[in-house]
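What follows is a short report on a single structure.
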Amino acid sequence: MVLEQIDWIILLAFFAVLLLIGFLASRGAGKNTSSFFLSGRDRPWWLLGISMVATTFSCDTPNLVTDMVRSGGVASNWLWWAFLLTGMLTVFIYAKLWNRSQVMTDLEFYEIRYSGRIAAFLRGFRSVYLGFFFNIMVIASVSLAFIKIAAVMLGLAPWEALVIASVIVLFYSTLGGLKSILWTDLFQFGFAMFGAVIAAVYVVRSPEVGGLANMLSHPLVEPKLSFIPSLSQPEIFLSVFLIPIAVQWWAAWYPGAEPGGGGYVAQRMLSAKSESHAIGATLLFNFFHYALRPWPWIIVGLGSLIIFPDIASMVSAFPEVSEQYIKNDFAYPAMLRHFLPAGLLGLVVASLIAAFMSTVASQLNWGSSYLVNDFYGRFLNPTASERQKVLFGRFSTVVLMIFAVILALLLQNALQAFQYMLMIGAGTGLIYILRWFWWRINAWSELSAMIGAIIFSLTFIILENFVLINSGDGNVQLWEFSMSRGYWNVLKFTGVVFLTTCSWILVTFLTKPADKATLRSFYKKIRPGGPGWEKVVREAKADGVPLLKEDNLAWDVPTGIMCMIFACIAVYSILFSTGNFIYGNMLQASILLILSAGASLAVFRLWKKLTKKS
């Protein structure tokens with residue numbers, strides 16, 4: 001057993017405080033579905049923003065970042081840093097649109113935007129596909145990281161760790177719904193950030209690492225420090241930086257970074273007390289997520305290259321852990337066990353458990369909201385009372401957790417799950433951006449995009465595995481691996497994006513749009529504006545049905561895009577300014593800090609203009 005008595009006392013105190021917060025916040029939370037899934041729609045921006053970032057700060061996130069740093073260096077983080085563009089697009093364009101919709105879940109959107117049986121089918125199908133199957137995969141990938149932490153720190157078998165944690169999560173998430181989750185997220189995020197910073201400080205100050213300067217100059221670490229891949233390595237530059245920043249952010253659907261908003265991010269925006277609070281919440285989330293959190297994890301990942309230069313060294317150091325779980329992402333918990341003293345180790349382990357629980361609780365509540373509102377209440381029992389819906393929500397929460405635990409025991413590493421989820425969502429992102437601003441998109445467009453992405457992704461994955469299995473024998477000459485892995489990943493991702501996009505665009509023009517009444521009702525409720533709705537507005541006016549007052553016709557998307565650009569500059573500048581300070585490049589760090597301040601000023605000036613138009 002790694003933990004000492006003081007560590008266990010800290011862990012027990014953490015669980016006691018967590019359960020107390022969840023219990024106190026649960027009062028009145030289960031009286032109806034609005035309170036259980038949207039916390040009464042009156043939450044402030046700061047609480048919702050911190051809840052979003054706490055949900056994305058899971059115990060698998062440090063593992064994933066460590067995997068990326070060890071595999072491809074700091075620059076590999078562009079695989080998720082690129083999603084900042086998606087996030088800021090949501091902040092300044094889509095947050096207020098979601099808040100105006102006043103739907104219970106983002107899937108309810110389908111029946112206010114589209115018409116006919118296909119709209120209802122799409123809503124029901126995606127409620128099961130996302131709320132059950134996809135959500136289980138997300139929770140399982142998060143649980144995988146928790147398994148590795150529990151094995152290293154607590155000496156628990158995988159099933160033991162998951163059962164204990166699941167019982168605690170289910171207690172407060174089923175009791176108080178989103179309200180309990182929001183307040184426990186606030187506590188858990190502070191705890192998790194404290195643990196991440198403390199871990200990084202101890203790693204750097206350890207005798208084996210020998211301080212920050214020694215770590216950065218180490219021959220195994222120095223090649224990993226670049227923020228952007230070198231053009232002298234075109235394969236890595238293309239796969240790690242160019243494709244993510246040019247294509248991935250708008251083309252791929254990924255939990256927490258959905259183009260146009262969606263999932264638990266949309267749930268938080270729908271829970272905001274006003275449009276301005278919805279915008280403020282998503283802005284705070286993106287700042288914390290991209291500018292505040294990455295560097296403590298990156299530092300531990302870099303330090304791990306000195307202590308555990310390869311997977312074999314970790315296997316040797318932890319013979320009690322199954323080799324199934326020892327991949328590059330295992331290095332993060334391995335470093336914590338190696339360096340942290342008693343007492344502090346308990347705090348950091350508690351912080352990682354907090355990160356795990358905040359994510360799982362949000363995923364469970366979000367997935368359950370789909371199953372209740374968009375499947376059970378819409379199709380199985382349309383006359384269900386609010387009490388029945390809340391009871392079904394609690395039941396479905398338990399079922400989701402059970403299946404996620406089973407799947408978690410079959411996975412191997414965090415990067416594996418991340419890549420599969422990116423592939424399955426490739427090519428669908430653009431439709432989620434355009435459906436608000438182009439009247440011609442219909443339910444068939446979305447259904448074909450989802451099916452196309454799955455089919456094309458599976459085709460590429462099967463092809464890849466077939467070649468990998470047979471290429472060693474020389475039986476297959478289709479791909480002799482003269483095409484490197486990086487180029488293949490680019491071809492695989494962009495191929496799925498291209499084929500999926502072509503498919504849904506073709507289907508859009510071959511099928512009928514939503515009926516006039518639905519399009520007009522949507523436009524009047526959401527007020528999207530823009531050239532993509534001119535035909536609908538013009539025809540409505542000709543029929544004597546004006547959709548908006550003349551003073552509400554201004555289109556503010558161009559202003560929103562300018563806000564997005566400046567906000568991305570501000571956050572990226574802070575991110576790399578921090579990195580340069582760590583690296584000791586004071587001049588570059590100062591210049592980037594000034595650039596961030598200037599971009600932030602531009603954002604707030606444009607934001608005033610944007611909110612006036614709202």
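The values are calculated or read from the model by the stated rules, or taken from the named source; none is laboratory data. Just so you know, these numbers come straight off a predicted model, no measurement behind them. All Cβ positions, glycine included, derive from the backbone under ideal geometry; neighbour counts span all protein chains shown. Heavy atoms of the whole protein, side chains included, go into the accessibility calculation; ligands, DNA and RNA do not. Shrake-Rupley method; radii C 1.70, N 1.55, O 1.52, S 1.80 Å.
Largest accessible area first, the residues His218, His338 order themselves as His338, His218 under a 1.4 Å probe with ligands, DNA and RNA left out. Computed from the Cβ-Cβ distance with R0 of 56 Å, the FRET efficiency linking Val17 to Thr383 stands at 0.85. Whole-Hz Karplus values for the stretch 161-172 come out as 4, 5, 5, 4, 5, 5, 4, 5, 4, 5, 4, 7 Hz, taken residue by residue from phi with 6.51 cos²θ - 1.76 cosθ + 1.60 and θ = phi - 60°; glycine and proline positions read x. Karplus-derived 3J(HN,Hα) values for the stretch 502-514, using 6.51 cos²θ - 1.76 cosθ + 1.60 with θ = phi - 60°, are 4, 5, 6, 5, 4, 4, 4, 7, 8, 10, 7, x, 4 Hz; glycine and proline are entered as x.
Subtracting the Cα-Cα distance of Ser34 and Ser322 from their residue separation scaled by 0.36 nm leaves 99.3 nm. Measuring with a 1.4 angstrom probe and ignoring ligands and nucleic acids, Met562 comes out at about 80 Å² accessible.
Would you give the gap between the C-alpha center of the stretch 201-225 and the C-alpha center of the stretch 157-190, rounded to a whole Å? If you average the Cα positions of each part, the centres end up 35 Å apart.
Which shape class, rounded, prolate or oblate, goes with the stretch 5-59 when its Cα gyration tensor gives a ≥ b ≥ c as root eigenvalues, a/c under 1.5 marks rounded, and past that a/b bigger than b/c marks prolate? Here the stretch 5-59 falls in the oblate category. Between the amide H of Tyr114 and any residue lying 5 or more places away or on another chain, no distance stays under 5 Å, with hydrogens modeled in the peptide plane. Taking the Cα centre of the chain as origin and assigning +1 to Lys and Arg Cβ atoms and -1 to Asp and Glu Cβ atoms, the resulting dipole is close to 2520 debye.
Fully extending the segment from Glu4 to Ser217, taken as 0.36 nm per residue of separation minus the present Cα-Cα distance, adds 73.2 nm.
Computed on protein heavy atoms with a 1.4 Å probe, the accessible areas place Asp515, Asp556 in the order Asp515, Asp556, largest first. With a Förster radius of 35 Å applied to the C-beta separation of Ser230 and Ile591, the computed FRET efficiency comes to 0.95. Amide H contacts of Ser206 (H built 1.01 Å from N, in plane; Pro and chain starts excluded): Gly211 sit under 5 Å, all sequence-distant by 5 or more or on other chains. Divide the volume of the convex hull around the Cα atoms of the chain by the residue count and you get 151 Å³ per residue. Among Val300, Val201, the order of accessible area from largest down is Val201, Val300, computed with a 1.4 Å probe on protein heavy atoms. Sort the stretch 190-303 into rounded, prolate or oblate with this rule: let a ≥ b ≥ c be the square roots of the eigenvalues of the Cα gyration tensor; rounded if a/c is under 1.5, and if a/c is not under 1.5, prolate when a/b is larger than b/c, oblate otherwise. Oblate, because a/c is 1.5 or more while a/b does not exceed b/c.
Values of log10 I(q)/I(0) for the stretch 98-200 across q = 0.14, 0.15, 0.16, 0.20 Å⁻¹ run -0.81, -0.89, -0.96, -1.18, by the Debye formula with one identical scatterer at each alpha carbon and no solvent. Net charge dipole, the stretch 1-82: roughly 460 debye, given to the nearest 20, about the Cα centre with Cβ charges of +1 for Lys and Arg and -1 for Asp and Glu. Coupling constants for the stretch 66-81 follow from the phi torsions by the Karplus curve (6.51 cos²θ - 1.76 cosθ + 1.60, θ = phi - 60°), and in residue order they are 4, 4, 5, 4, 5, 7, x, x, 4, 4, 5, 5, 4, 4, 10, 4 Hz; glycine and proline get x. Computed packing ranks the peptides 430-439, 202-211 as 430-439, 202-211, most packed first, by mean other Cβ atoms within 10 Å.
Can you flag which of Lys96/Lys524; Lys541/Lys609; Lys96/Lys273; Lys31/Lys179; Lys224/Lys492 are past 20 Å Cα-Cα? Those over the limit are Lys541/Lys609; Lys224/Lys492. Dividing the helix sum by the residues of the chain, where each DSSP H run of 4 or more adds -39500 (n - 2.57), gives a mean residue ellipticity at 222 nm of -21500 deg cm²/dmol.
For the stretch 144-243, the square roots a ≥ b ≥ c of the C-alpha gyration tensor eigenvalues yield an a/c of 1.5 or more together with a/b exceeding b/c, which makes the shape prolate. For the stretch 276-352, the solvent-accessible area works out to 27 Å² per residue, with a probe of 1.4 Å and every protein chain left in place.
Note on Leu409/Phe121: beta-carbon distance plugged into 1/(1 + (r/R0)^6) with R0 of 30 Å gives a FRET efficiency of 0.35. The angle separating the long axis of helix 5-25 from the principal Cα axis of greatest extent in the chain is about 10 degrees. Under 5 Å between amide hydrogens, built in the peptide plane, is the criterion, and for Ala426 it picks out Trp253 among residues at least 5 positions away or on other chains. Placing +1 on each Lys and Arg Cβ and -1 on each Asp and Glu Cβ, with no other charges, gives the stretch 41-117 a dipole about its Cα centre of roughly 240 debye.
Could you order the peptides 166-173, 308-315 from most to least packed, using the average number of other C-beta atoms within 10 Å per residue? Can you show the working numbers first?
On the way: 166-173: 20.0, 308-315: 15.4.
The most tightly packed comes first, giving 166-173, 308-315.
Toward the positive end of the charge dipole of the chain, with +1 on the Cβ of Lys and Arg and -1 on the Cβ of Asp and Glu, the farthest Cα among Thr518, Ile561, Ser34 is that of Thr518.
Within the full protein context, the accessible area of Glu320 is estimated at about 110 Å² for a probe radius of 1.4 Å. Helix 117-128 and the longest principal axis of the C-alpha atoms of the chain enclose an angle of approximately 20°.
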